[in-house]
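Working notes for the structure below.
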Amino acid sequence: DAGVIQSPRHEVTEMGQEVTLRCKPISGHNSLFWYRQTMMRGLELLIYFNNNVPIDDSGMPEDRFSAKMPNASFSTLKIQPSEPRDSAVYFCASSFLGSGSIGYNEQFFGPGTRLTVL
Amino acid sequence: SQELEQSPQSLIVQEGKNLTINCTSSKTLYGLYWYKQKYGEGLIFLMMLQKGGEEKSHEKITAKLDEKKQQSSLHITASQPSHAGIYLCGAVFTMDSNYQLIWGAGTKLIIKP
């Protein structure tokens, strides 16, 4: 298995532009997590999906952030409009979880997308 | 997060020496993860602990969860350069019928040859 795939690996954009990050989870996994990592705030859970349904989006910082999972093999995290403070590494992780649990099993992380907003 | 404290923030250890990283919660944990991250890469799963008093080992890394399920320690024996990286603990809490996952700030481990 190729593992969790994220694209792009690096993104540099200007303030105000729309940014779309993509994730392909491991085949057979039913849960997907989006994280943001910065030096100041560490690793933060933004949102997670179970069976393509958003379960908890309380970590999404603002309405500028949105995430979708149209099918079991693809998810996007969109920032519109982007701001310099959104600069961070964004990770996607997938897992196979029993119903109603979070983090009960091992999460497999993608390599991350390093986003720089100028 | 004040609910989860990870220490130390950074650690420089002579190759071959032992070391311990701690993760302490102000509340009882449902479970706790240990992950390792190399710079510029994603996180790699090490271990998950769920039962009070549980201890797991993988090669030279041992993790324990105390009986009260509020503190976990990660111990590396005879450290090697390959152990260098950032170690993160992730704590799972239960809130009503939901679960909450919070990550520690990480411990940066440097191994001196």
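The values are calculated or read from the model by the stated rules, or taken from the named source; none is laboratory data. Keep in mind that this is a model prediction, so the values were computed, not measured. Neighbour counts run over all protein chains shown; Cβ positions are idealised from the backbone, glycine included. Note: areas computed on protein heavy atoms with side chains; ligands, DNA, RNA excluded. Shrake-Rupley method; radii C 1.70, N 1.55, O 1.52, S 1.80 Å.
Table for the structure above
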{"read-out": "Answer from B:53, B:104, B:31, B:16 - the residue that is open to solvent by less than 50 Å² (accessible area, probe 1.4 Å) and closer than 30 Å to residue A:9 by Cα", "value": "B:104"}
{"read-out": "Neighbours by Cβ (under 6 Å, 6+ apart or cross-chain): first from segment B:92-104, assigned to a loop (DSSP other than H, G, I, E, B); second not polar (S, T, N, Q)", "value": "B:104/B:4; B:104/B:23; B:104/B:88; B:104/B:89"}
{"read-out": "Which numbered condition residue B:17 misses (of (1) modelled with pLDDT under 90; (2) among the basic types (Lys, Arg); (3) out of contact with any strand residue (DSSP E or B) (no Cβ under 8 Å at 6 or more places or on another chain))", "value": "(1)"}
{"read-out": "Search result, residues across segment B:21-48 that are more than 15 Å from residue B:102 (Cα to Cα) and within 13 Å of chain A (Cβ to nearest Cβ)", "value": "B:36, B:37, B:38, B:39, B:40, B:41, B:42, B:44, B:45, B:46, B:47"}
{"read-out": "Residue that is nearest to residue B:9 (Cα to Cα) [pool: residues in segment B:87-111 that are aliphatic (A, V, I, L, M) and within 10 Å of chain A (Cβ to nearest Cβ)]", "value": "B:105"}
{"read-out": "Subset of segment A:25-44 (residues that are open to solvent by 30 Å² or more (accessible area, probe 1.4 Å) and under 25 Å from residue B:86 (Cβ atoms))", "value": "A:29, A:37, A:38, A:39, A:40, A:41, A:44"}
{"read-out": "Yes/no for residue B:71 being under 23 Å from residue A:40 (Cα atoms) and either within 14 Å of chain A (Cβ to nearest Cβ) or touching a strand residue (DSSP E or B) at 6+ places or on another chain (Cβ under 6 Å) (or both)", "value": "no"}
{"read-out": "Filtered residues of segment A:59-92 (kept if within 14 Å of chain B (Cβ to nearest Cβ) and either open to solvent by 30 Å² or more (accessible area, probe 1.4 Å) or at pLDDT below 95 (or both))", "value": "A:59"}
